[in-house]
Amino acid sequence: MNEHVQSQPNDGLPALSVEEQIIEMSKTNYGQLPMMEELFHQFQATLTHTLNEYTSTKTEVKLKSFASVSFGGALEEFDSPSLFGLIAAEPWKSTLAVVAEPALIFPLIQTLLGGKPSSSSLKTRNFTRLEKCIAAKFYDVVMCALATKLSEVTPVSFLVNVMEENPEELDFAPLDGACVKVVMEISLEEQSGLMTFIIPYVAFEAVSPAFSQPFRGGKIGGKDIWRKAMSNSLQSTDVSLTAVLKDMKVPLHEILSWEQNQVLDIGVDSDHDILVTCNGKQMFSAAMGCRKNGSVALKISRTLADMEG
């Protein structure tokens, strides 16, 4: 498994007495979540593919840290304004948060609006209504991809409910309660920024055994994101179809006697089905007709599966 940063539950406690340290450490349950951590490691590839399609820009995603901290501690590093997306999780019936720093949001907005991510320094300012709407959609895309990955262990769906700029307004979990803090670095061409997921332990309390089980290697869920991407790409590939009116044998001496403008009777009428092939492989049979504009049209009567059956 890749290296990760794990916060220690006794940070800042040496100045306290032994009794006080025990009390402070008991306030937060820092249970290990090896399966959830592995899912986030695999989520790097999933999110890279998702954002490549969403932004039409070369995107790279890297997991920076996966740590268990207090909810209040997770919020300390964020200044106002920061754009928090409050996420409703079902069927967990709980809330979690995701926040991308301005260094990621503003280049992302520029990219989605058809521009090029700017390398100029960003001034601290409040987000406009349009920027909030674009960021909310971005959060929704990310959280849908995360829900798909986590659902390989336990079913869940995420929905962006509220966009909040002030971290002091985030009260969906106790400040001294435990939470998972996951930091991912997202690069858009030459610009990059951090996205942080804040998931209180109480949010997934009912399904915590699924995330706390040990990871024993292999591919969780047996899904291959790159195979899916290749399949999607192949489905949009252009292919050439050949309509075969009739396959018949004709003596060579007869063919050599054909002349220009000569009409050949091949014995095909309007009720005759035409065989359509792709690279020599039979695909379907079809009836031939004409559209109102005079163009020849084919109506599929039997598919390849029907013909093989």
- Take Gly73 and decide whether it is of a type in the set (Gly, Ala, Ser), within 21 Å of the chain's Cα centre (by Cα) and at negative phi. no
- Task: Name the strands (runs of 3 or more DSSP E) wholly inside segment 46-145 in which the number of residues that are surrounded by fewer than 18 Cβ atoms within 10 Å (Cβ to Cβ) and in the same structural domain as Met35 (by TED's automatic domain parsing) is 2 or more.
- Result: 59-70, 83-90
- Would you tally the residues in segment 134-183 being within 23 Å of Pro34 (Cβ to Cβ) and of a type in the set (Asp, Glu)? 1
- Message: Take Met195 and tell me if it is surrounded by fewer than 21 Cβ atoms within 10 Å (Cβ to Cβ), in contact (Cβ under 8 Å) with a residue 40 or more places away in the chain and not charged (D, E, K, R).
- Response: no
- Query: Among Ala136, Ala103, which is the only one that is more than 18 Å from Val180 (Cβ to Cβ), aliphatic (A, V, I, L, M) and either over 19 Å from the mean Cα position of the chain (by Cα) or at pLDDT below 90 (or both)?
  - Reply: Ala103
- Task: Answer yes if at least one residue in segment 177-187 is buried (at least 18 other Cβ atoms within 10 Å of the Cβ) and either more than 23 Å from Thr148 (Cα to Cα) or modelled with pLDDT under 75 (or both), and no otherwise.
- Result: yes
- Note on the structure: Checked Thr111, Thr154 against criteria (out of contact with any strand residue (DSSP E or B) (no Cβ under 9 Å at 6 or more places or on another chain) and either closer than 24 Å to Ala45 by Cα or not hydrophobic (A, V, I, L, M, F, W, C) (or both)); the one match is Thr154
- Task: Starting from segment 251-273, keep only residues that are over 20 Å from Gly289 (Cα atoms), then list their pairs with residues that are in a loop (DSSP other than H, G, I, E, B) and of a type in the set (A, V, I, L, M) whose Cβ atoms are within a distance under 8 Å, requiring at least 6 positions of separation or different chains.
- Result: Trp258/Leu264
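The values are calculated or read from the model by the stated rules, or taken from the named source; none is laboratory data. Bear in mind the structure is a predicted one, so any value in this text is a computation, not a measurement. All Cβ positions, even for glycine, are placed from backbone atoms using ideal geometry, and neighbour counts span all protein chains on display.
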